[in-house]
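Data first, discussion second: the structure below is written as structure tokens.
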Amino acid sequence: DLGPDINTSICSGSTANLTIQFVTTGLTTNWTTAGNSVSNPAAVVPGIYQLIAINPNGCSDTAFVNITSIPKPNLGPDITTGVCSGNTVNLATQFITTGLTVNWSTGGITVSNPSAVGIGIYQLIAANLNGCSDTALVTVNSSTAVNLRIVSNPVNTTIIEGERIQLSAIGNNIT
């Protein structure tokens, strides 16, 4: 007796192993889906699979496995950013991770304070409540400070903290 049918889920983009769903030691097994033989029951995608198991006496039992897909988080593309000497970057603001469990690391070592990091390559693994995860990288490079010269007419322009001004740049290699 194979036991009851099984309903299980896997993360999107993953495969499931049908061969571990039932105890079939000493039995001849045949896996099918939609009437077609399953060539590799150790790595299948979501779907409904039928197992027919036959013992040495010729008696058989049938069971089904229904595999559904659970969406995994999608962090989006990796990010490269710059930081000026002596400043830090807040990794927590780089990706939307609401409702996810996050783990930041660099070189395999957990980042204890991801809200204030310096130059380096940081890996984020973010998992949802079902255990499905996505991985992204943030590369923090050194930025060169820009020296600005404000040319105005009249010459004595006062800029008050919090006030906005418009700057124009002239020259080569300005981005």
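The values are calculated or read from the model by the stated rules, or taken from the named source; none is laboratory data. Here the structure is a predicted model, which is why all the values come from computation and not from measurement. Because the Cβ atoms are built from the backbone with ideal geometry, glycine has one as well, and the counts that use them run over all protein chains shown. With ligands, DNA and RNA removed, areas are computed over all heavy atoms of the protein, side chains included. Shrake-Rupley method; radii C 1.70, N 1.55, O 1.52, S 1.80 Å.
Assorted remarks:
- Among residues that are open to solvent by less than 40 Å² (accessible area, probe 1.4 Å), under 30 Å from V140 (Cβ atoms) and assigned to a loop (DSSP other than H, G, I, E, B), L75 is included.
- Of all residues in segment 9-41, those being closer than 24 Å to N57 by Cβ, touching a residue at least 12 places away in the same chain (Cβ under 8 Å) and of a type in the set (S, T, N, Q) number 7.
- Restricting attention to segment 116-130 and to residues that are in a loop (DSSP other than H, G, I, E, B) and either open to solvent by 60 Å² or more (accessible area, probe 1.4 Å) or out of contact with any Leu (no Cβ under 8 Å at 6 or more places or on another chain) (or both), the residue that is nearest to I70 (Cα to Cα) turns out to be N130.
- Condition broken by T97, with the remaining ones in (1) part of a loop (DSSP other than H, G, I, E, B); (2) out of contact with any Leu (no Cβ under 9 Å at 6 or more places or on another chain); (3) among the polar types (S, T, N, Q) satisfied: (2)
- Filtered residue count, segment 70-124, keeping only those that are farther than 30 Å from N7 by Cα and of a type in the set (D, E, K, R): 1
- The lone criterion from (1) within 30 Å of D134 (Cβ to Cβ); (2) in contact with a strand residue (DSSP E or B) (Cβ under 7 Å, 6 or more places away or on another chain); (3) not hydrophobic (A, V, I, L, M, F, W, C) left unmet by G99 is number (2).
- On the stretch given as segment 60-72, residues that are open to solvent by 50 Å² or more (accessible area, probe 1.4 Å) and closer than 21 Å to P41 by Cβ total 6.
- N90 vs. criteria modelled with pLDDT of 95 or more, open to solvent by 90 Å² or more (accessible area, probe 1.4 Å) and over 29 Å from A34 (Cβ atoms): no
- Residue ID - modelled with the lowest pLDDT, chosen from residues in segment 1-46 that are surrounded by fewer than 12 Cβ atoms within 10 Å (Cβ to Cβ) and either part of a helix (DSSP H, G or I) or of a type in the set (D, E) (or both): D1
- Flag if G82 is within 24 Å of N130 (Cα to Cα) and not charged (D, E, K, R): no
- For segment 2-19, filtering for residues that are out of contact with any Ser or Thr (no Cβ under 9 Å at 6 or more places or on another chain) and farther than 11 Å from V65 by Cα leaves 2.
- Residue match in segment 47-58 (condition: at pLDDT 95 or above and closer than 28 Å to A126 by Cβ): yes
- Test for I6: is it touching a strand residue (DSSP E or B) at 6+ places or on another chain (Cβ under 9 Å) and within 30 Å of D134 (Cβ to Cβ): yes
- When S105, S133, S85, S143 are screened for being of a type in the set (G, A, S), open to solvent by 80 Å² or more (accessible area, probe 1.4 Å) and out of contact with any helix residue (DSSP H, G or I) (no Cβ under 8 Å at 6 or more places or on another chain), only S85 passes.
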